[in-house]
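Novice: Okay, here's the structure, questions in a sec.
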Amino acid sequence: MLPHLKDRPIALVRAPDGIDGQLFFQKHAERTAMPGLTAHERDLWPGHPPLLTVDTLDALLSAAQMNTIEFHTWNSLVPVVSKPDRVIFDLDPGDGVKWSHVQEAALLVRTLLAELKLEAWLKTSGGKGLHVVVPLATRLEYATVKSFSQAFVRHLARTIPERFSAVSGPANRLGKVYVDYLRNGKGQTTAAAFSARARPGMGVSMPIAWEQVTEIKSGAQWTVQTAREYLSFQTQDPWAAYWTTKQTVAAAIKRLA
Ligand code: ATP
Ligand code: MN
């Protein structure tokens, strides 16, 4: 989990009274100081309280000790916080969507990205859906990357309207997979790979290979009860090449326009 957290501003979901009790979404250091976490200077994000990062095993343990269940991260790293090094497409099944349509949606997103010469990796959300992650070179500003992701999702919804919605809200999503591009703005976060979820059953966000998408049965295929054993049998990291893949959306923006 640490490579997915290091240097990335975070938001934590803390559950001091268990996941059935009140949950706290914490983005800043102001409330409780957690020993080991790094609190960054205010000018990293002007107008906001200090951002937090979990950079070490001690910090991770400290957050766990402070009843953190979920770790959500920004799309950029502290050294170049204004430029994302990834774009995320969050696939959310609306009410009444068959799981097979979610699987198919993920493969369609992958195909369209491949058309745009962009390689993507997949993880379960640990909740209802899937997250498609596209690693980028830290070159473009948030606004540019976000507008790419918006254009991408609109194109998807226009091309395959029976399956995709680019508009949030339950009515628009009915029977469709909503692809949330708003995660790609500055200050927005997504549950990190290997994070548990503070929901019944406690799903885990699991990085998987594309070939596995047809085998899994939900976004919470793995939970805190099964994730560790599953991982202990894995001999290959499906995301191994993710870390060395640096892409740019510049050409894709032109093609989508
Ligand atoms: P699912 O697959 O079930 O959709 P998810 O991880 O994709 O799971 P959510 O957990 O519903 O989606 O999170 C939606 C967005 O809101 C994420 O960007 C997340 O970082 C953010 N978020 C989650 N909990 C809170 C909260 N309590 N307050 C503010 N933002 C939150
Ligand atoms: Mn989602």
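Novice: Report yes if residue 87 is more than 20 Å from the chain's Cα centre (by Cα) and assigned by TED's automatic domain parsing to the domain that holds residue 179, otherwise no. Write out each step before concluding.
Specialist: Numbers: more than 20 Å from the chain's Cα centre (by Cα): no; assigned by TED's automatic domain parsing to the domain that holds residue 179: yes.
When the stated conditions are applied, residue 87 does not pass them.
Novice: Right, another one. Sort through 134, 78, 97 and tell me the only one that's out of contact with any helix residue (DSSP H, G or I) (no Cβ under 6 Å at 6 or more places or on another chain) and over 30 Å from residue 37 (Cβ atoms).
Specialist: On the way: 134 fails: over 30 Å from residue 37 (Cβ atoms); 78 fails: over 30 Å from residue 37 (Cβ atoms).
Of 134, 78, 97, the one residue that is out of contact with any helix residue (DSSP H, G or I) (no Cβ under 6 Å at 6 or more places or on another chain) and over 30 Å from residue 37 (Cβ atoms) is 97.
Novice: Spot the failing condition for residue 257; the list is (1) within 13 Å of the chain's Cα centre (by Cα); (2) modelled with pLDDT under 95; (3) open to solvent by 40 Å² or more (accessible area, probe 1.4 Å); (4) not hydroxyl-bearing (Ser, Thr, Tyr), and only one is missed.
Specialist: (1)
Novice: Would you pick out the residues in the range 137-169 that are in contact with a Ser or Thr (Cβ under 8 Å, 6 or more places away or on another chain) and among the small types (Gly, Ala, Ser)? Talk me through it step by step, then tell me what you get.
Specialist: The initial filter retains those residues of the range 137-169 that are in contact with a Ser or Thr (Cβ under 8 Å, 6 or more places away or on another chain), namely 137-142, 157.
Result: 137, 157.
Novice: Ok, one more. From the set of residues in the range 190-230 that are in a helix (DSSP H, G or I) and free of Cβ contacts under 8 Å to residues at least 12 places away in the same chain, which is farthest from the chain's Cα centre (by Cα)?
Specialist: Taking the range 190-230 as the starting set, the residues that turn out to be in a helix (DSSP H, G or I) are 210-214, 227-230.
Filter once more, keeping what is free of Cβ contacts under 8 Å to residues at least 12 places away in the same chain: 211, 228-229.
On the way: 211: 20, 228: 20, 229: 23 Å.
The extreme case among them is 229.
Novice: Shifting gears a bit: Picking from 138, 159, 144, which residue would you name as being among the hydroxyl-bearing types (Ser, Thr, Tyr), in contact with an Asp or Glu (Cβ under 6 Å, 6 or more places away or on another chain) and either open to solvent by 60 Å² or more (accessible area, probe 1.4 Å) or in the same structural domain as residue 254 (by TED's automatic domain parsing) (or both)?
Specialist: Checking each option against the conditions leaves just 138.
The values are calculated or read from the model by the stated rules, or taken from the named source; none is laboratory data. For clarity, every value in this text was computed on a predicted model and none was experimentally measured. When we count neighbours, we look across all protein chains shown, and the Cβ atoms used for this are built from the backbone with ideal geometry, even at glycine. Accessible surface areas use protein heavy atoms only, side chains included; no ligands, DNA or RNA. Shrake-Rupley method; radii C 1.70, N 1.55, O 1.52, S 1.80 Å.
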